[in-house]
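FYI, it's all coordinate maths here, none of it is from the lab. Values in this document were obtained by computation on a predicted structure and should not be read as measured data. Cβ atoms come from the backbone with ideal geometry, glycine included; neighbour counts cover every protein chain shown.
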Amino acid sequence: MKKLFIAFLILPFTTAWADLILTNKTLVPTQSVSEPAPAPTSTAVAGVVPNSMDLIWADAFGTNQGDPAYVSKYYPLFSAVPRTFPLDGSFPKTNGWYEIMEGGDGTSCGYTTNAATNTVVEVGRISAWIYYEVGGWVQYLNTTTRAGMNQPNASGDPYATVEGYYGCPTTGGAMRLSHMGYDTKAGFSAAGLGLYKPNYAWIWHGWGDPQVTIDYSKNPKAVLVTMYARLVVQNPSLPDDRDKANYVIHISADKKSSTGITTGDIGISRWKRITKDWQPINFLTGGWTKAQFQATNPPITTNPY
């Protein structure tokens, strides 16, 4: 079901797209995107980074805060790809998805710089909304239970044996097939949340269920997806090496057919390096200014569990 190999299509521009320009094959806002300042201590919960309007906007249109290993910069998944929400009803359904990979050095097709062996990624709550011109924000996803798979999953995955996986001219497909016995799933935390440990050969690709049928009669304008993740120690009897870890995450939403088949991405968020604290990662479609987005009173949640 891999979406990342879909050609990078630029949808027809509207007046709202005047706020975006094409730079190095990435859509970016013409207005500057600054990183939000840390939240005041009085509003923060220890170990949890609060989500915010500024953070949502930065995740959608800002620069990466981490870089995936073994990925070509010519692929749209290397940077955020915000897209407008088409009103043509071309995809009846949507959901929310995310990917966790080892981090690299920021270069095109760069190798992993993850040096941790006793660190895993704990994935928290995933939530998603559609904004309708008639009715405002409507939540369609709010769960800590999710499906997913190792990627590429070898059997049945058309990309598993392709040389140059993610656009990098190496023997990546053969190398991944030689690691078919590896499983990125590392069990569950005490809170019942999923634990994942991607390696150089395999990534974890997860998604939230259920899918939602989009009500085009209410003029859908945007999709917002939010999820939390953090680094945790895998084996408490072994040294804590989270300071050596480099795992990154990004998030998106699928275009789904009426039968639930993936036909593409609505867009892709920026990459973020996962830390010891719970931090949010957000995806938001483009096609509007930050002021317009803020005027809709968007849902801002801070809840990993």
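One table, with the values for the structure above:
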{"item": "Where a residue in the range 184-199 is touching a residue at least 40 places away in the same chain (Cβ under 8 Å) and among the small types (Gly, Ala, Ser) and its partner, wherever it lies, is exposed (fewer than 15 other Cβ atoms within 10 Å of the Cβ) and in a loop (DSSP other than H, G, I, E, B), with Cβ under 7 Å and at least six apart", "result": "Ala191/Tyr305"}
{"item": "Breaking point among (1) surrounded by fewer than 21 Cβ atoms within 10 Å (Cβ to Cβ); (2) out of contact with any strand residue (DSSP E or B) (no Cβ under 7 Å at 6 or more places or on another chain), for Trp137", "result": "(2)"}
{"item": "Residue count for the range 218-238, restricted to those that are over 19 Å from Ile268 (Cβ atoms) and either of a type in the set (Phe, Trp, Tyr) or in contact (Cβ under 8 Å) with a residue 24 or more places away in the chain (or both)", "result": "9"}
{"item": "Verdict on Gly89 being touching a helix residue (DSSP H, G or I) at 6+ places or on another chain (Cβ under 6 Å) and either of a type in the set (Ser, Thr, Tyr) or more than 25 Å from Gly194 (Cα to Cα) (or both)", "result": "yes"}
{"item": "Selection within the range 218-244 - part of a strand (DSSP E or B) and aliphatic (A, V, I, L, M)", "result": "Ala222, Val223, Leu224, Val225, Met227, Ala229, Leu231, Val232, Val233"}
